[in-house]
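As structure tokens, the structure follows; a few thoughts come after it.
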Amino acid sequence: MSIKYTLQESQLATLVGAHTARVHPDARAEVEDVVAGMLQHGSTVSKADILSVLEDYYDAVEYLLLDGRSISTPLANFRLAIGGCFQGPDDAYDPSRHRLLVRVSAGKRIRQTVPGQARVAKQDRGKALPLPLVYVDLASGERNRSLTPGGAGQLIGRRLRFDPADARQGIFFVAPDGAAVRAAEVIKTAPAEVIVIAPALAAGHYTLELRATFNGGEQLRSGVLDVPLAVAPPAGPAV
């Protein structure tokens, strides 16, 4: 078992000729996979009991965050933030202009055990593929975090150009169940930058996938942004 990576030329002007590593996950693991791993490692409780305890854990984390607390656990750290601009010291939170955000970072145990025990394996780059690197949600200014339905998004990377007239090509937002929604409104498409209007999406997490053909060929090639993008649930009425 190893963590696979390829090398790509750095996009920083100050690092001409240098290369950086890009990790390629074998697959996305869901909660069911985590539970299966617990059972395989000798857990003495049933799958149903594990799922019940995990649900209680989720509820407790949500409750503590709603209570305004930050949370530190061996797996992950959680804290709250507010996105958007305020007009001055007398301005106040307005759901139409601001967003309450949850920031998550790796906990102490994960930071220590995973880098310390991981094995890595370099892979050949093979054929050229689209290389999405950064998605900027222009509505909030966030990078590689959020996605605003109906708002403009800027994708930065390499080999990003595609033909908007071809329905097979474009930027697709893929839900965990595999359902993909294409961004139909394209403002700009260039090798290093694409700007689109994000489609209407339900709250949840989505994988950004860019699909394109190269050099007039018919074969589709795709590149995936490394991090999922979150769509927040609709804000409730102001209190």
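Brief remarks follow.
- When the helices of the chain are scored as -39500 (n - 2.57) per DSSP H run of n ≥ 4 and the total is divided over every residue, the value at 222 nm lands at -5500 deg cm²/dmol.
- For the chain, average projected area of the Cα convex hull in nm²: 17.3
- With R₀ fixed at 41 Å, the C-beta to C-beta distance from Thr73 to Val120 puts the FRET efficiency at about 0.95.
- Backbone N under 18 Å from the Lys108 label point (7 Å along Cα→Cβ), restricted to region 56-91: 70-79
- Net lengthening on full extension, Ser10/Asn215 (0.36 nm per residue, minus Cα-Cα): 71.4 nm
- Hydrodynamic radius by Kirkwood, which averages 1/r over all alpha carbon pairs of region 131-231, in angstrom: 13.2
- Taking all Cα pairs closer than 8 Å and separated by 6 or more residues, the relative contact order of the chain comes to 15 percent.
- The region of the chain that goes longest without hitting one of the GluC sites (Glu not before Pro) in a DSSP loop, each with at most 13 other Cβ atoms within 10 Å, is 31-217.
- Loop chymotrypsin sites (Phe, Trp or Tyr not before Pro), region 6-111, which have at most 15 other Cβ atoms in a 10 Å radius of their Cβ (DSSP): Phe86, Tyr93
- Radius ratio Rg over Rh of region 3-122, counting only Cα atoms, Kirkwood formula for Rh: 1.09
- GNM flexibility winner over the chain from Leu39, Leu129, Leu100 (Cα, springs under 10 Å): Leu39
- Computed lengthening from Ser96 to Gln40, 0.36 nm per intervening residue step minus Cα-Cα distance: 15.5 nm
Values quoted throughout were computed directly from the atomic coordinates according to the rules given, and no laboratory measurement underlies them. None of the values given here were measured: they were computed from a predicted structure. All Cβ positions, glycine included, derive from the backbone under ideal geometry; neighbour counts span all protein chains shown.
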